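**Student:** Take a look at this one; I'll ask things after.
Laboratory data are not the source of any read-out in this text; all were calculated from the coordinates shown. Keep in mind it's a predicted model, so treat the numbers as computed, not measured. In this analysis, Cβ positions are derived from the backbone assuming ideal geometry, glycine residues included, and neighbour counts consider all displayed protein chains.
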Amino acid sequence: MTSLRAVNETFSELFASASERTVTIRTADGHALVRAKLLHAAAAAVAGVIVAPRITAAAAMGALLKGITVTVDGPSDEPAAA
């Protein structure tokens, strides 16, 4: 029974830290395009891969070619000025 509690506590900590972190998508010159919570960004990415994998792959390739960067900022990190 204690192992089940440990697993529950671990998942609770993971979800709590994911809701505190933000994902920022920036252009090559550093301007922020999108800023979202990590949990929301992960859900959108999974939905995109499931619903339209070819479009998701094309968007990822386009982002690589354009120099788009993705950063994950923690709760103590200050987001860079855009």
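**Student:** Among [x] 35.4, 117; [y] 16.0, 52; [z] 14.2, 44, only one was calculated for this model; which label is it, if the read-out is Rg and Dmax of the Cα atoms in Å?
**Tutor:** [y]
**Student:** For the chain, what is the charge dipole size about the Cα centre, in debye to the nearest 20, if Lys and Arg each add +1 at the Cβ and Asp and Glu each add -1 at the Cβ?
**Tutor:** Working: 7 positive and 7 negative charges, 75 e Å.
Around 360 debye, computed over the chain.
**Student:** Please list, by residue number, every one of the GluC sites (Glu not before Pro) in segment 1-68 that is coil in DSSP and has at most 15 other beta-carbon atoms within 10 Å.
**Tutor:** Listed in order of number, the matching sites amount to none.
**Student:** May I pose another question? Any idea what angle helix 38-51 forms with the longest principal axis of the chain, computed on alpha-carbon atoms, 0 to 90 degrees, nearest 10?
**Tutor:** That works out to roughly 70 degrees.
**Student:** Rank Leu39, Thr69, Val7 by how far each Cα sits towards the positive end of the charge dipole of segment 2-73 (+1 on Lys, Arg Cβ; -1 on Asp, Glu Cβ) and give me just the farthest.
**Tutor:** Thr69
**Student:** At 7 Å along Cα-to-Cβ for each site, give me the label-to-label distance between Ala6 and Ala63 in nm.
**Tutor:** With each label placed 7 Å out from Cα toward Cβ, I get 3.6 nm.
**Student:** Full extension from Asp73 to Ala52: what is 0.36 nm times the residue separation minus their Cα-Cα distance, to one decimal in nm?
**Tutor:** 4.8 nm
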